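Step one of this worksheet: look at the structure below.
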Amino acid sequence: MPTGPAQIRTTAGPLARRRPAHGSSTNSGKPAHPIWPLPELYAALSGGIRDYARANGFQRVLVALSGGIDSALVAALAVEALGAASVTGVSLPSVHSSQHSRDDARALAQNLGICFETIEIAAPVAAAEAALAPLFTGYAPDLTEENIQARMRGLLMMALSNKFGALLLATGNKSEAAVGYCTLYGDMCGGLAPIAGLYKTEVYALSRWINRELGGGSGRGEIIPQNTIDKPPSAELRPGQKDQDSLPPYDVLDAVLRRYFDDGATRAELVAEGFAEALVNDIAAKVDRSEYKRAQAAPALNLSLSQ
């Protein structure tokens, strides 16, 4: 548990910074990624959003609401930071968006009391695909078509940010960014990435804490829809897609990332600790080849300890 006061600064930070030299955590005796008590984490992240927005002259913020856990947490933190009247949530469903995701996004906005807008992206995505069709003839659909959807959302959210002078908050977490499970110029768009320093398991833990302590415990009722917390995470860029189609379960992924990404443990050390060699090699390869994405990410809120 941390012993010093939290310090918040914006930085290219834990995602763009190179990992420590291998063995550094063993040499220092201190974990590279401190675990904060959830109330302090909530206060630090919401305070970081508030300070960054004010320092840069923003009165309003935008959050793209997918119906998933990451955007829900970012929206809840933004409301704590700036008040519900200063936060707008935008749903951007595609042909692959499930009805429960649409419903969860709307329910979250209602629970938070924020302005909620919907922009259907099926038509602009189809227009982009039609424009590219002559050049894509003979090529089977693949990740390219999935990323067109994510980048269309990024384009539209940045247009709203430009038109109304509102700060777009990126909603990516550390687990996904570490292994490149994110889209450049798509879901990575934004002027600040409030939860980029949180692993996915921490996102879930903080979301459950918000519901327990700030929702039910305060008599306000549910804040983050329970279905958002319970359902399997999915980018919903193709039919039936689940995060675990491409990634290990997040508790396993995060355990490896804490050692490899934060502490600088070697692959051999991780295997010796009991992780399967194929798993370690796959995660490490994803981390190493995603450096270029992390280098282009929005500024993160970097939690650190003063000595």
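The values are calculated or read from the model by the stated rules, or taken from the named source; none is laboratory data. As the structure is a computational prediction, the values presented were derived from the model and not from experiment. So basically every Cβ, Gly included, is an ideal-geometry build from the backbone, and we count neighbours across all protein chains shown.
Any residue at all in region 296-304 that is surrounded by fewer than 19 Cβ atoms within 10 Å (Cβ to Cβ) and in a helix (DSSP H, G or I)?
no
When the residues of region 249-274 are filtered to those that are crowded, with 20+ Cβ neighbours inside 10 Å and of a type in the set (A, V, I, L, M, F, W, C), which remaining residue is farthest from T171 (Cα to Cα)?
Result: L270.
I'd like the full set of residues that are of a type in the set (A, V, I, L, M) and not in a helix (DSSP H, G or I), limited to region 257-271.
A265
Find the residue count for region 123-143, including only residues that are at pLDDT below 95 and either under 20 Å from the mean Cα position of the chain (by Cα) or assigned to a helix (DSSP H, G or I) (or both).
1
For the subset of region 41-77 comprising residues that are in a loop (DSSP other than H, G, I, E, B) and not charged (D, E, K, R), which member is surrounded by the most Cβ atoms within 10 Å (Cβ to Cβ)?
Of everything passing the filter in region 41-77, L65 is surrounded by the most Cβ atoms within 10 Å (Cβ to Cβ).
Please list, ordered by residue number, the helices (runs of 4 or more DSSP H) wholly in region 149-234 having 2 or more residues that are closer than 21 Å to R102 by Cα.
Ranges flagged: 200-209, 226-230.
Out of all the residues in region 35-51, which are in contact with a Pro (Cβ under 8 Å, 6 or more places away or on another chain) and closer than 16 Å to A166 by Cα?
Within region 35-51, I49 is the sole residue that qualifies.
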